[in-house]
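This report concerns only the one structure given below.
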Amino acid sequence: MAFNFFGRKQEKAPAAPDETPEEVTEDSEVDADDEEGIPEHVGDEDAILGDWRSRAAAVIPGGASTGSKRPAALYGEAGEPGAAHYLRASGCSLFTAAEQDLIDCTMALGSVSLGYGDDGVTRAVVNAIAQGPVSGLSHVLEVEIAERLCDVIPCAERVRFLKTGAEGVSAALRIARAATGRKHVVACGYFGWHDWANEGPGILPEARAYVTRVPFNDEAALDAAIARAGSDLAAILLEPVVEALPSPTWIAKAKATCEAKGAVLIFDEMKTGFRLALGGYQQYAGVSPDLAVFGKAMANGFPVSAVVGRSGVMDAAATTWISSTSASEAGSLAAVGAVLDRYTADDEDVCATLWRVGAQMRQSMEQAIAASQAPGVTVHGVDPMWFLRFEDPVFESRFLRRAVELGVLFKRGAYNYAAVPHDSDEVLLEVERVASSAFVSVLEEMGE
Ligand SMILES: Cc1ncc(COP(=O)(O)O)c(C=O)c1O
């Protein structure tokens, strides 16, 4: 259920506590369920959404501070003019800047599993903030939440908090190098925007000098990279799920190598934590790393990450400088506490719901693809985090735009995430109906 400041239960996104922006007018309201399945006032919507996009482009380089929320990332380079800004979000719905309700299948890049504006999480955060989320001392919640994470994450005996996933993974690498006194890292996955994990303008190649990337599930490449690192291997850093579960032998090789060479096995559980299982892939598969990084769903959208791991490695964090002014801000830690309450409640199994609902969403998409005979579209991933792959990028862009017009936001080129509020026949049927209609409509438009 969504939190509500005004004491009344709201099915849709709650009314904003502040005034409606000037650009949003009464007559821009749309009815996504009209007879044709086509929203009214499409022209007005385009103007409103386009205005927010151009204002964003004028002051925010790239149009958005989060890369995946740039218009080009949402709809493709072709410049399809779909919604890029929202006013309110509740459950799995969001309310766009043009006042259109969308079912969101992206769940804020997987950072929300209980639903937007979840009542318990919001109350916990509001309470913590009202009591002063920061001071010259550490809040007791830092200790309490660290203890609770040690109770539920298999490898966790120590915890350090930071704000973002990129920070968390960078800290894990620093700790691994400090603990081993070695340089080389073998890595597979996406780890955020920091220099050592990227290439491009502004990034010195030297920043990646001791990081060897290997393809997912490729044992020969893993062997070769390990051999190249020789006795200077500090860590093997893996995102354990990349489009699919890893082969058990690939993971076992990484673990055995780290054990044999005294290197550190690190799992980046930003997406898999609080999703495949509460304790992430390591709990789901029964393979425990030395260090792991959690975030995203851990705080249901609030900004906090955690580096966790065995004491023998984690204690090296105290020998190097890893610190951030807001790392232990209590509002986000209170969110983690409320999330843990839900995930550990006796009467609910959140991860089981995410697997079940994700499987239903995937099935809905398969049915929509089959019913509309959409060519070159396939469904991938694992049930709680699945994605659509399109052979034709133009078809993909037009489909995404059309689906948004009809009321559903799908993620382009990355995961859609199942969330608890998707667990409703009405939502699942609507996702399938919109996907089918969007496929058919775009196929007609493209003359196929
Ligand atoms: C596996 C993984 N690691 C790290 C990150 C980076 O996290 P953040 O964007 O919070 O810095 C992400 C973000 O998507 C991620 O999926």
Meets criteria (under 22 Å from ALA108 (Cα atoms) and either modelled with pLDDT of 95 or more or not hydroxyl-bearing (Ser, Thr, Tyr) (or both)) for PHE294: yes
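Listed here are the residues, each with its yes/no results for (1) in contact with a helix residue (DSSP H, G or I) (Cβ under 6 Å, 6 or more places away or on another chain); (2) closer than 16 Å to MET270 by Cβ.
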{"site": "GLY115", "(1), (2)": "yes, no"}
{"site": "THR122", "(1), (2)": "no, no"}
{"site": "VAL134", "(1), (2)": "no, no"}
{"site": "GLU167", "(1), (2)": "no, yes"}
{"site": "ALA171", "(1), (2)": "no, yes"}
{"site": "HIS194", "(1), (2)": "yes, yes"}
Given (1) surrounded by 14 or more Cβ atoms within 10 Å (Cβ to Cβ); (2) under 18 Å from TYR284 (Cα atoms), number of the condition VAL211 does not satisfy: (2)
Number of positions in the range 299-311 that are farther than 17 Å from LEU141 by Cα and either within 12 Å of the ligand (Cβ to nearest atom) or in a helix (DSSP H, G or I) (or both): 2
Pick from the range 215-238, criterion within 16 Å of the ligand (Cβ to nearest atom) and crowded, with 22+ Cβ neighbours inside 10 Å, ranking: farthest from TYR417 (Cα to Cα): ALA235
Search result, residues across the range 216-256 that are among the small types (Gly, Ala, Ser) and in contact with a helix residue (DSSP H, G or I) (Cβ under 7 Å, 6 or more places away or on another chain): ALA234, ALA235, ALA254
Residues within the range 248-270 that are under 21 Å from GLY358 (Cβ atoms) and either away from the ligand (no atom under 13 Å from the Cβ) or at pLDDT below 95 (or both), tallied: 0
Filter result (assigned to a loop (DSSP other than H, G, I, E, B), in contact with a strand residue (DSSP E or B) (Cβ under 9 Å, 6 or more places away or on another chain) and aliphatic (A, V, I, L, M)) within the range 61-97: ALA83, ALA84, ALA97
Enumeration of residues in the range 271-298 that are part of a strand (DSSP E or B) and within 14 Å of the ligand (Cβ to nearest atom): GLY273, LEU291, ALA292, VAL293, PHE294
For THR106: the one exception among (1) within 21 Å of SER397 (Cα to Cα); (2) of a type in the set (Val, Ile, Thr); (3) away from the ligand (no atom under 16 Å from the Cβ): (3)
Residue check for ALA156: away from the ligand (no atom under 16 Å from the Cβ) and part of a loop (DSSP other than H, G, I, E, B): yes
Scan of the range 170-185 for residues that are more than 16 Å from the ligand (Cβ to nearest atom) and assigned to a strand (DSSP E or B), ordered by number: HIS184
Top-ranked residue in the range 113-153 [being touching a strand residue (DSSP E or B) at 6+ places or on another chain (Cβ under 8 Å) and in a loop (DSSP other than H, G, I, E, B); ranked as farthest from ASP423 (Cα to Cα)]: ILE153
Residue count for the range 332-353, restricted to those that are among the polar types (S, T, N, Q) and over 15 Å from VAL152 (Cβ atoms): 2
Inter-residue pairs, beta-carbon under 7 Å, first in the same structural domain as VAL357 (by TED's automatic domain parsing) and acidic (Asp, Glu) and in the range 378-399, second part of a strand (DSSP E or B) and surrounded by fewer than 22 Cβ atoms within 10 Å (Cβ to Cβ), 6+ apart: GLU396/PHE390
Residue list for the range 187-206, restricted to those being touching a residue at least 24 places away in the same chain (Cβ under 8 Å) and more than 16 Å from the ligand (Cβ to nearest atom): none
Residue, surrounded by the most Cβ atoms within 10 Å (Cβ to Cβ), within the range 388-409, restricted to residues that are part of a helix (DSSP H, G or I) and β-branched (Val, Ile, Thr): VAL404
Residues (in contact with a helix residue (DSSP H, G or I) (Cβ under 8 Å, 6 or more places away or on another chain) and part of a helix (DSSP H, G or I)) located in the range 196-215: TRP196, ALA197, ALA207, ARG208
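The values are calculated or read from the model by the stated rules, or taken from the named source; none is laboratory data. What you see is a predicted model, and the numbers here were worked out from it, not measured in a lab. So basically every Cβ, Gly included, is an ideal-geometry build from the backbone, and we count neighbours across all protein chains shown.
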